[in-house]
Amino acid sequence: NLLIAALIIMVLYYFVTGPVYRLAGVKEGNVGEMLSVPLQQMARTYVYHYSELDKADCELLEQYVPREDLGKYIPTVADGVKANFREEYYRNNKVAFWKIWMKWGMKFPATYVSSFLINTADYWYPKAIIDGYNVGGDIISYSRYSVGAPGKRIEMLPQVYSLYKSMAEHRSFSEKPFVFLIFSPGWYLLLTLYLMATAFVKKQNEVMLAYVIVLLLVGTALLGPIAQVRYVLILFYALPLFGA
């Protein structure tokens, strides 16, 4: 039954991303979005080890990512590095890109590991204050509490609105004792792993499958450009069900 369900999901996925996308005129996104992790790793290496690198490799990387963008490297978000990623050049020169990535990774493995851990820390470190965009001051980028057009913001309960806004945007609120646990994806991830281990010990295979699906989804978020709560909301939704 599990195999049949997986096959049905795969068929539906390729049907939607194929004929349905073409019919609806959906265009492919920039491939740079999928390369967030390697781009961050290479940018970190470029910035911190430039004097130790082969200048020909640096110049080649600059064909994929403009030099000024490499200089904008921020450890917690890949947006600056991938903003002007030259997709067409990459599609015609994929092998060269991955050769540099492997070469630098073998020479500076700790830099690559650090890049990945810093970029994803907000997902697995319970005390992390989610602010990948480094807004500054007391304002953080945990969640943008706003209403976009054509919607209108109506504050029927001003005090409740102020509370939610403070929860979503202010560092001082997130740093309150124990409060941070309520908003921390890292805390929910640890609890999910604990419950998964408990199910494993009890040999509850069906329950284990549910945990695996959730963790696979979280795993896709680890490959993204920044750690954001909206990418791992399933942890917040699923945990009460798992606990029950």
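Tabulated results
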item	result
Solution diffusion estimate, µm²/s, Stokes-Einstein, the chain, Kirkwood Rh from C-alpha pairs, 25 °C, viscosity 0.890 mPa s	117 µm²/s
Fraction of accessible area attributable to carbon and sulfur, segment 116-237 (%, probe 1.4 Å)	68 percent
Where Rh is the Kirkwood radius over Cα pairs, Rg/Rh for segment 1-40	1.18
Residue with peak Gaussian network fluctuation, the chain [Cα springs, cutoff 10 Å], from Thr17, Thr76, Thr192	Thr17
Amide proton proximity set for Ile139, modelled H, under 5 Å, gap of 5+	Arg171
Amide N proximity, segment 213-243 versus Ala6 label position 7 Å along Cα-to-Cβ, cut-off under 20 Å	213-221
For segment 86-151: rounded, prolate or oblate by the Cα gyration tensor [a/c cutoff 1.5]	oblate
Amide N proximity, segment 42-77 versus Tyr133 label position 7 Å along Cα-to-Cβ, cut-off under 15 Å	76-77
Ellipsoid equivalent to segment 71-190 - semi-axes via the Cα gyration tensor, in Å	36, 21, 11
Estimated 222 nm signal from helices in the chain, with DSSP H stretches of n ≥ 4 weighted -39500 (n - 2.57), rounded to 500	-18000 deg cm²/dmol
Accessible area per residue, Å², the chain with all protein chains present, probe 1.4 Å	63 Å²
Neighbour-limited loop hits for GluC sites (Glu not before Pro), segment 15-75 (at most 15 other Cβ within 10 Å; DSSP other than H, G, I, E, B)	Glu28
Simple label model, 7 Å out from Cα along Cβ direction - Leu222 to Leu60, nm	2.9 nm
Prolate/oblate/rounded label for segment 117-176 (Cα gyration tensor, a/c 1.5)	prolate
Cross-link partners of Lys165 among aspartates and glutamates (Cα-Cα below 14 Å; sequence separation of 8 or more within a chain)	Asp138, Glu155
C-alpha center-to-center spacing [segment 221-244, segment 88-115] in angstrom	29 Å
Highest-fluctuation residue, Asn119, Asn92, Asn30 considered, GNM on the chain with Cα pairs under 10 Å	Asn92
C-alpha long axis of helix 36-48 to longest principal axis of the chain, angle in °	60 degrees
Value of relative contact order over segment 35-123, rounded to a whole percent, pairs C-alpha under 8 Å and six or more apart	40 percent
Simple Cβ-charge dipole of the chain, Lys/Arg +1 and Asp/Glu -1, about Cα centre, in debye nearest 20	360 debye
Arg22, Arg153, ranked by accessible area, largest first (probe 1.4 Å)	Arg22, Arg153
FRET efficiency, 1/(1 + (r/R0)^6) with R0 25 Å, evaluated for Lys27 and Asn205 via beta carbons	0.05
Lysines whose Cα lies under 17 Å from that of Lys127, excluding same-chain neighbours fewer than 8 positions away	Lys176
All lysines inside 25 Å of Lys72 as judged from Cα atoms, apart from same-chain residues fewer than 8 positions distant	Lys55, Lys82, Lys94, Lys99, Lys103, Lys107
For the chain, with +1 on Lys and Arg beta carbons and -1 on Asp and Glu, the positive-most of Ser146, Ser162, Pro240 along the dipole	Pro240
GNM result for the chain, Cα springs below 10 Å: residue of Ser146, Ser166, Ser115 fluctuating most strongly	Ser146
Estimated inter-spin distance, Met167 and Leu241, nm [label 7 Å along Cα→Cβ]	2.1 nm
Tensor-based shape of segment 1-114 (alpha-carbon gyration tensor, a/c under 1.5 rounded, otherwise prolate or oblate)	prolate
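The values are calculated or read from the model by the stated rules, or taken from the named source; none is laboratory data. No experiment lies behind these values; they were computed from the predicted model shown. Backbone-built Cβ (ideal geometry, glycine too); neighbour counts: all protein chains shown. Areas reflect the complete protein model, heavy atoms only, side chains present, ligands, DNA and RNA absent. Shrake-Rupley method; radii C 1.70, N 1.55, O 1.52, S 1.80 Å.
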